[in-house]
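First up is the structure itself, then whatever we jot down about it.
The values are calculated or read from the model by the stated rules, or taken from the named source; none is laboratory data. If you're wondering where the values come from, they're calculated on a predicted model, not measured in any experiment. Methodologically, a virtual Cβ is constructed for each residue, glycine included, from the backbone with ideal geometry; neighbour enumeration extends over all protein chains shown.
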Amino acid sequence: MEEYVLNAQGLSMRYHRTLALDNLNLTLTPGKIVGLLGPNGSGKTTLIKLTAGLLTPTSGEIQVCGQPISPATKALVSYLPDKTYFSAKQKIRELLDTFQDFYADFDRERAENMLGALGISLEARLGSLSKGNQEKVQLVVVMSRRARLYLLDEPIGGVDPAARDYILNTIITNYDPTATVLISTHLIEDVERVLDEFIFLNQGKIVRQGTADQVREETGKSLDELFREVFKCLPNC
């Protein structure tokens with residue numbers, strides 16, 4: 001049987017009266033870059049936070065590399081939230097120190113090499129950098145872990161096209177082929193060139209799933225075009 005990096009079965013999450021995930025079943029295999037795509041409120045961030053161990057599901061179960069969510073799975077997951085949790089006052093060197101202390105799989109040499117290629121000084125404070133460079137720093141430290149599952153929540157939101165290209169190229173070239181990358185984004189046209197697979201999520205349910213190549217071969221459409229077609233026909237989008 002093929003190993004699953006992520007396996008969710010009957011996964012539901014309710015916030016008071018709002019059902020964010022509705023009996024969701026999902027498996028992700030190693031060596032793939034997967035796009036988690038859907039309109040606002042579709043459940044993307046909830047799924048990512050559950051996988052990262054930041055939330056507890058209302059029902060169902062979720063496993064990473066065959067293990068239920070626990071401190072052990074947190075050591076296998078590298079998570080980039082949609083909003084930074086780093087202090088603007090931190091020097092880049094201090095940020096690397098923190099990651100090195102917390103994560104045994106953090107490759108500091110890789111991080112320093114990437115930051116050096118970007119011309120970002122280790123003595124610079126995060127808040128002194130442009131928004132695009134702050135996004136790059138955050139991605140560099142996340143992708144410098146030797147994780148099994150990378151969870152990237154809106155990694156290219158709010159940055160210029162050149163920064164987007166750098167970020168996407170960093171993702172492609174800096175993850176282990178036995179690992180899986182799950183990217184949540186609204187900018188489908190920008191990311192679809194790097195995606196092996198996609199998941200369309202709406203109202204907490206998977207409405208379509210497959211490979212980007214299959215979409216192009218069977219429909220003659222880009223993933224972005226298919227997304228617009230599917231979601232214009234669905235309610236509450």
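Say we look at region 184-237 and pick out the residues that are modelled with pLDDT of 90 or more, among the polar types (S, T, N, Q) and touching a strand residue (DSSP E or B) at 6+ places or on another chain (Cβ under 8 Å); which of these is nearest to Thr173 (Cα to Cα)?
Looking at the filtered set, the residue picked out is Ser184.
List every residue pair whose Cβ atoms lie under 7 Å apart, where the two residues are 6 or more positions apart in sequence or sit on different chains, the first residue falls within region 152-171 and is of a type in the set (Asp, Glu), and the second residue, located anywhere, is surrounded by 13 or more Cβ atoms within 10 Å (Cβ to Cβ) and outside any strand (DSSP E or B).
That search, which allows pairs on different chains as well, returns Asp153/Thr45; Asp153/Ile48; Asp153/Pro81; Asp153/Asp82; Glu154/Asp82; Glu154/Thr185; Asp160/Gly132.
Results for (1) at negative phi; (2) at pLDDT below 90; (3) in a loop (DSSP other than H, G, I, E, B), shown as yes or no for each residue.
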residue	(1), (2), (3)
Asp101	yes, no, no
Arg110	yes, no, no
Glu123	yes, no, yes
Glu135	yes, yes, no
Leu151	yes, no, no
Gly157	yes, yes, yes
Ala162	yes, yes, no
Asp165	yes, yes, no
Thr170	yes, yes, no
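Residue check: is Leu36 modelled with pLDDT of 95 or more, assigned to a strand (DSSP E or B) and surrounded by 21 or more Cβ atoms within 10 Å (Cβ to Cβ)?
Taking the combined requirement at face value, the residue satisfies it.
Here is a yes/no grid of residues against (1) surrounded by 16 or more Cβ atoms within 10 Å (Cβ to Cβ); (2) more than 16 Å from Leu96 (Cβ to Cβ); (3) out of contact with any Pro (no Cβ under 8 Å at 6 or more places or on another chain):
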{"residue": "Ala117", "(1), (2), (3)": "no, no, yes"}
{"residue": "Ser130", "(1), (2), (3)": "no, yes, yes"}
{"residue": "Glu135", "(1), (2), (3)": "yes, yes, no"}
{"residue": "Gln138", "(1), (2), (3)": "yes, no, yes"}
{"residue": "Tyr150", "(1), (2), (3)": "yes, yes, yes"}
{"residue": "Thr178", "(1), (2), (3)": "no, yes, no"}
{"residue": "Asn202", "(1), (2), (3)": "yes, yes, no"}
{"residue": "Gly210", "(1), (2), (3)": "no, yes, yes"}
{"residue": "Arg216", "(1), (2), (3)": "no, yes, yes"}
